[in-house]
Each structure stands twice: as C-alpha cells, then as structure tokens.
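What follows is calculated from the coordinates using simple rules that are stated; it is not laboratory data. Keep in mind it's a predicted model, so treat the numbers as computed, not measured. Positions of Cβ are backbone-derived with ideal geometry, glycine not excepted, and every protein chain shown enters the neighbour counts.
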Amino acid sequence: MAPLNEPPPAPPQRALVEQIAERGAQLRSRIAELTDRDVAVVCVTKGHPVEVAAAAVAAGFTRLGENYAQELRDKAAALIGPTPEWHFIGRLQTNKVRLVDRVVSLWQSVDRAALADRIAQRVPGAAVLVQVDLAGLAGRGGCPPEDVPALVEHCRGRGLDVRGLMGVGPPGPAEEARPGFRLLTSIADDLGLEERSMGMSDDLDVAIEAGSTMVRVGSALVGPRAPR
Ligand SMILES: *Cc1c(COP(=O)(O)O)cnc(C)c1O
C-alpha cells in the first residue's frame, strides 16, 4: 500500500485528452472514408513523456507504440491506470529484449533470426510481426522482401505466433511508398498472413489504399516529438 502522505497520482490532463480524442475521431473518420475494413490504430507515443501516454489511454487508445526499449520500460512502469497493449515498433538489439519482455504485447519489428530467437526464448509463443524492408535503406530495419518467407518459417519453428508483416515507407512523398506497401500486401497474401501494419501520419492514405490493417500514428495524434 502507498504511504498515506504520498500525493495521489495526477489524473491525465483534460485538455490533452480532449485534443487527442478529437484527433483520433478525425483519424477514424478518414479511415472510414478510405475503407470498409477494420483498421487498428496504434498510437505512437515515442519521444513523449508518460503523461502523453496516459492521455492517449484516457482518450480511448488501447494500443500504444514505442521505438526504444529503455523508454518503453520506464514509461510502462510509470503509467498509472488501465494498461494498454504496448507494441514495440523500433529497431531492437537482442540484448534489450529483456528490458521490455514483460510489457510488450506485439513485437512488430522482428527482422532477423537472432531477434526472433531471443524473443522466443524470453517469451515463448509471443505474438510477432515480421518487418519487411520496403525502402532498401541500410540501417532502417526490416528484412529484405525476398527473405521474408524464410524468416516467417524460422519464427514459427521457434514457436512464435506470426500475425503478419510490418513495413515503414521510405522518407519523402507519400506516393513513393505505394509500391512497397503493395509488395508487403502481396507477400502477406502469399503467406496467408492477416495483419499488415503499414501507414504513419504522412502516408496513411496510401497505406490504407494498399491494404493496411493496422496503422501506427504518432504526430498526427499526439503532436510533434522532440528530435532524438
Ligand atoms: C515513429 C514511428 C511511427 C509514427 O510516426 P509519425 O510520423 O509520428 O506518425 C510509426 N512507425 C514507426 C516504425 C515509427 O518509428
């Protein structure tokens, strides 16, 4: 029990909750204009303090996305109230898996066998997405498209629950992301994978037109983040 003289945790800031809820409603109606499919929204809170994560939960978001292991660990520990599903969406070193293995619900950025092995070892049967490199840019993460079937097989061999694929569009005009998003959808179709996590604040429309089932939206919901 908390000592009696400790101040109660501050409730989520009302103005922030309302702002995020309003942007969320706009996002949902935009999605509904584009598709009849059920598209899940992951609210990306990376680079924002825990108060923003708390406000996003209070605004009705049940899935929050984070890119950095330490940041996620600290935020998850500091968050008071209902627990969201935390999605790990960033590049992940194998030795950092242990920092977040108790809080992550969906590992969206599995892009190599060694990472799959470590997750499977720490969290048997964990739900994962295989991240596909759509931009061909070194250092941005993702498995080369041609290697995706083998990595999916590898994950399954380790007992992981492969729900689908994830991809990040190339930087630049949203239109340039279209071929990569289509490629991701066709690989997912070939492999019979349901989830296609693609689309962020700036390329959401293109991603949904190309078959996204899950978008990961940060700045359009919670505002700009501090550069890292
Ligand atoms: C930061 C990030 C997002 C959200 O980006 P916004 O442009 O703020 O919507 C989504 N997915 C990944 C992998 C990211 O790193």
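Each Lys or Arg adds one and each Asp or Glu takes one away; over the other residues whose Cβ falls under 12 Å from the Cβ of Arg122, this sums to +3.
Helical content alone sets the calculated 222 nm signal of the chain at -11000 deg cm²/dmol, taking -39,500 (n - 2.57) per DSSP H segment of four or more residues and averaging over every residue.
GNM remark for the chain: springs join alpha carbons under 10 Å apart, and the peak mean-square fluctuation among Val132, Val168, Val39 falls on Val39. Return one number: the angle in degrees, 0 to 90 and rounded to the nearest 10, between the long axis of the Cα atoms of helix 14-34 and the longest principal axis of the Cα atoms of the chain. In the chain, helix 14-34 runs at an angle near 30 degrees to the longest axis. By how many degrees, between 0 and 90 and to the nearest 10, does the Cα long axis of helix 178-191 differ from the longest principal axis of the chain? On a 0 to 90 degree scale, this one is about 80. Mean sequence separation of contacting Cα pairs (under 8 Å, at least six apart), scaled by the length of the stretch 40-108, corresponds to a relative contact order of 32 percent. Once the Cα atoms of helix 69-78 and of the chain are each reduced to a long axis, what angle between those two axes, in degrees from 0 to 90 to the nearest 10, is obtained? Roughly 30 degrees between the two axes.
Cα centroids of the stretch 142-193 and the stretch 49-84: 26 Å apart. For the peptides 198-210, 70-82, the ranking by packing is 198-210, 70-82, with the highest mean count of neighbouring Cβ atoms within 10 Å listed first. Candidates Phe61, Val123, Leu16 compared by Cα position along the dipole of the stretch 1-131: farthest toward the positive end lies Val123, with charges placed on Cβ.
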